[in-house]
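Written below as structure tokens is the structure these notes are about.
FYI, it's all coordinate maths here, none of it is from the lab. Remember, predicted model here, so these are calculated numbers, not experimental data. Methodologically, a virtual Cβ is constructed for each residue, glycine included, from the backbone with ideal geometry; neighbour enumeration extends over all protein chains shown.
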Amino acid sequence: MPIHSMQIITEEIPVEKNHRPAAVQLKGIIKRFGKVEAVQEMDLVFEEGSLVTLLGPSGCGKTTILRMIAGLETPTQGDIYIKGKRVNDIPIHKRNLGMIFQNYALFPHKTIFDNVAFGLKYRDVPKNEVEGKVKKALEMVRLPGVENRMPSQLSGGQQQRIAMARAIVIEPDVLLMDEPLSALDENLREEMRREIDNLQQMLGVTTVFVTHDQREALSMSDKIVVMKDGLKQQEGSPEEVYNLPNNHFVADFLGHSNFFKGVVSGQEGDMVSLELSDGNALKVRHPGEWNHGEPIEMVVRAQSFKVTPGDAPPPETGMNTLDGVIKDRSYMGGEVSYFVELKSGTMVHAIGIAKLRPIRKGTPVRIHVAPRHCGLLKVAKQT
């Protein structure tokens, strides 16, 4: 699918009338630590009942935003609203938020019952109601009957579920999750992704999820906010940010992408002809007007390339075809990752479905991609 401009979106998209109301809203938020601006001025809206992921590399400001929502950090500038109420000066224990951390943060000397009941006791919930609420929360995370155990008697995945039970038992207005799955192994992370997704949908609680893992973000989110260096790079549905990345960083951070520099050599309707810097001529199906000679960057996802032996015809008519040699390959079970060196010396990454006999290193191949699977990014003018 086409990929649009490299120009970063800095304005909020107008909210349609049928959108859900905002559960959390950040207006003009800035956070500085000394001279370092960890979060540059931005607005964010988290709709009621949605799961919104703040996604980006370490140090991009995503955890700082979560901590400001929680009340663990104070904004240098701007306002935070929860359920329409400004909360800048409201302490953390009065914001009715559930929080789940990477390290579970369970009390090792307390039973599971006391861990889960901790927030209820500080909210003066009557004792005769606490037991029922704790039992219900444990049933919701599929761990009934563990009330008398200690955290050390549970596995990592079970401890994470207890942390979830403790967060939801207070019936929070907003659930905050800071890299909650990063300490788990891959198989358990997959299971817990489904658990969190199902639980969030069942409860309908607004959830702010912080991660650097694109798979977590893409598989669970209603909306993704991609961040870098304290700036919002793009926000939108998982499909929007993956298929229509706003700039080079978003395209590169989400998925395995190949980038080719070149210029526009012609256009007929939505079919754009390109001349790449390595001399190859390709076509891209892309709406909009493009000027002859305009510098561009073409983007192709690794999964969009089809790899065939060098003498094989294209898998379908009208495909772009490049010649090269397999320089490396990695078998990954259901997939094979190929690194193909083109005649120009450019290295291309292609990921395909694993076959009984994957193509060997050193084999001449052709790689094919349909124009509709190529995207274009405008190249910022040098000043």
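List of remarks:
- The ranking of R215, R166 from fewest to most other beta carbons within 10 Å of each one's beta carbon is R215, R166.
- Judged by the mean number of other Cβ atoms found within 10 Å, the most tightly packed of the peptides 33-41, 293-301, 205-213, 322-330 leads the ranking 205-213, 293-301, 322-330, 33-41.
- The stretch 177-227 versus the stretch 130-153: alpha-carbon centroid distance in Å: 22 Å
- Here the Gaussian network model covers the chain, with springs between Cα atoms less than 10 Å apart; of M164, M220, M347, M347 fluctuates the most.
- In this structure, the pairs whose alpha-carbon distance is over 25 Å, taken from K110/K133; K62/K261; K27/K232, are K62/K261.
- Exposure proxy ranking, count of Cβ atoms within 10 Å, fewest first, for M271, M140, M99: M271, M140, M99
- Value of D in µm² per second that Stokes-Einstein yields for the stretch 22-253, Kirkwood Rh from Cα pairs, at 10 °C (1.306 mPa s): 87 µm²/s
- GNM result for the chain, Cα springs below 10 Å: residue of D79, D178, D270 fluctuating most strongly: D270
- Each of I90, I170 was scored by other Cβ atoms within 10 Å of its Cβ. Listed from fewest to most, they are I90, I170.
- Cut-off 9 Å between beta-carbons: net charge of the residues surrounding E73, Lys and Arg +1, Asp and Glu -1: +2
- Amide H contacts of Q234 (H built 1.01 Å from N, under 5 Å, at least 5 apart or other chain): V226
- The residue list S304, A167, V87 was ranked by how far each Cα lies along the charge dipole of the chain toward its positive end, using unit charges on Cβ atoms, and A167 comes out on top.
- Of the residues Q267, T346, V336, the one whose Cα sits farthest towards the positive end of the charge dipole of the stretch 257-378 is V336 (charges of +1 on Lys and Arg Cβ, -1 on Asp and Glu Cβ, taken about the Cα centre).
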